[in-house]
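Working notes for the structure below.
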Amino acid sequence: MANASQRSLHPSKSFMNTINRESAQDVLDSVQRIHNLIDSIEHKQVEIEKAWSNMERNIDVLKEIDNLEEGVASVTNWILGPADSMLNAHYQIGFDVASSEELRLEHEKLELECRETYGKYAELLHKIDSISSDYLSEDLKSQRDFMDFVCRSFATRLEKRRNVLITSQRFFRLVSEYFDKTSEVFDKLIMGSRTCNVSNAGVKLMKLDRSQQKLEGLEQELVKEGEKLSDVLSMPVKDALCRDVLIDYGEDIVNIKDILDATNARKNIFNDSVELQKLTLKQIALVYTYESDVEQAISWLNDLFDVLVDSHVEIGCNVTEIQVQKQEHQSFQDTARGTYEYGCQLVNGAKVLRISCKLDLMSNMGLLSRLRQVWRQLRSVSQEQLTRLRVCAVFHKNVADVSYCR
């Protein structure tokens, strides 16, 4: 159209040049009219060009809007169709660590498939929001809002599904860990302690106590995750249009309850075994303490024997000195007898505990034999010394009586 205008204006200008050369007065008015006509044509040409540009721009915008509408429809239809169908087909939560891990990996693949569509969704939102309100129709606004609604609803459901699988996997992993750990502790610290050495019973008792505390924490975490998973499965499932999806998790909820019941039963049996074993280990530790004290008593008696031999063999020179020595020796004998009797009580207590714990009695009998032997040795020497003191006391008394009679 612009070219046609130019072609029409060119002969007119040539014609005007010819008229100007003739310079005829009678045509001056006509020249003016022609100039005005040319100006009018040029002005209209500019307006036509502007209108043409606006029309082309409007056509481009309309094409873009058509493309956006097609894109919105494509994304919306994919979410409401294939995406919802795929998610409806993936509803299991597994029954152990391996199966729940497999389902989680499948869900990650599903999320990857949705990623391209969500990229288109974000791009469409950006483009639509960038369009001037003069060109944005109410229909496109409605389509845009509907796409946004279904995409967000689907994303929420996809996120919930992922959280369910994570909770399921964590629950089954805790169950497996709890059962494995209780078996390990039972084998090592309970069954393995049936032949426990009395010297390391205290160490095993501390290990068993720490293991029990850790397992109690693990069991509490397991129950918490199981109850959380059961609660999540009890909640209604909504599709992208927020309509209820008929998914029956009844069997899974029953399975979780059975696992929690089995865990509780195992906990009770395990705790009973642990408490019994802790009692046994405490008794064995007491055996070690008692028999260590018996060893100390034997050592004290040996020390008293050495003191007796080294320091209690002299005899006083008169009745008074001998009487003081007899009192000191009597006190010495009382100390030795108290030590021996204390050792006997300990060795007998250790024997009772050994019988209760079904431990070997040979070392206990050997300890009692050593205690009696050192006591007999000490008592024999002590009695000899006491006899000497008495004889010497009588002798000095008789000597004193004879001297008095003279």
Of the residues in region 119-130, those that are surrounded by 13 or more Cβ atoms within 10 Å (Cβ to Cβ) and either free of Cβ contacts under 8 Å to residues at least 40 places away in the same chain or acidic (Asp, Glu) (or both) number 2
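Residue by residue, here is whether (1) of a type in the set (Phe, Trp, Tyr); (2) surrounded by 12 or more Cβ atoms within 10 Å (Cβ to Cβ); (3) in contact (Cβ under 8 Å) with a residue 24 or more places away in the chain holds:
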| position | (1), (2), (3) |
| --- | --- |
| Ile93 | no, yes, yes |
| Ser132 | no, no, no |
| Gln143 | no, yes, yes |
| Phe146 | yes, yes, yes |
By residue number, the members of region 324-344 that are surrounded by 14 or more Cβ atoms within 10 Å (Cβ to Cβ) and not hydroxyl-bearing (Ser, Thr, Tyr) are Gln325, Lys326, His329, Phe332, Gln333, Ala336, Arg337, Gly343, Cys344
Condition set within 30 Å of Met191 (Cβ to Cβ) and polar (S, T, N, Q), scope region 349-370, selection surrounded by the most Cβ atoms within 10 Å (Cβ to Cβ): answer is Asn364
Q: Return yes or no: is Lys228 in a helix (DSSP H, G or I) and at pLDDT below 90?
A: no
For region 281-291, does any single residue satisfy the condition of being charged (D, E, K, R), in a helix (DSSP H, G or I) and under 29 Å from Glu225 (Cβ atoms)? no
With criteria (1) within 30 Å of Lys214 (Cα to Cα); (2) surrounded by fewer than 16 Cβ atoms within 10 Å (Cβ to Cβ); (3) touching a helix residue (DSSP H, G or I) at 6+ places or on another chain (Cβ under 8 Å); (4) not small (Gly, Ala, Ser), Glu102 comes up short on (3)
The condition of being free of Cβ contacts under 8 Å to residues at least 40 places away in the same chain and within 22 Å of Thr167 (Cα to Cα) holds, among Glu116, Glu106, only for Glu106
(1) closer than 30 Å to Glu123 by Cβ; (2) modelled with pLDDT under 90; (3) not hydrophobic (A, V, I, L, M, F, W, C) all hold for Asp148 apart from (2)
Condition set in contact with a Phe, Trp or Tyr (Cβ under 9 Å, 6 or more places away or on another chain) and exposed (fewer than 13 other Cβ atoms within 10 Å of the Cβ), scope region 56-91, selection nearest to Ser137 (Cα to Cα): answer is Leu62
The residue from Glu221, Glu251 that alone is over 16 Å from the mean Cα position of the chain (by Cα), of a type in the set (Asp, Glu) and surrounded by fewer than 16 Cβ atoms within 10 Å (Cβ to Cβ) is Glu251
Just one listed residue, out of Leu215, Leu208, Leu233, is under 15 Å from Ser176 (Cα atoms), in a helix (DSSP H, G or I) and either out of contact with any Pro (no Cβ under 7 Å at 6 or more places or on another chain) or without any contact (Cβ under 8 Å) to a residue 24 or more places away in the chain (or both), and it is Leu215
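The values are calculated or read from the model by the stated rules, or taken from the named source; none is laboratory data. Everything numeric in this text was worked out from a predicted model, so none of it was measured. Heads up, the Cβs are rebuilt from the backbone with ideal geometry, glycines too, and the neighbour counts pull from every protein chain shown.
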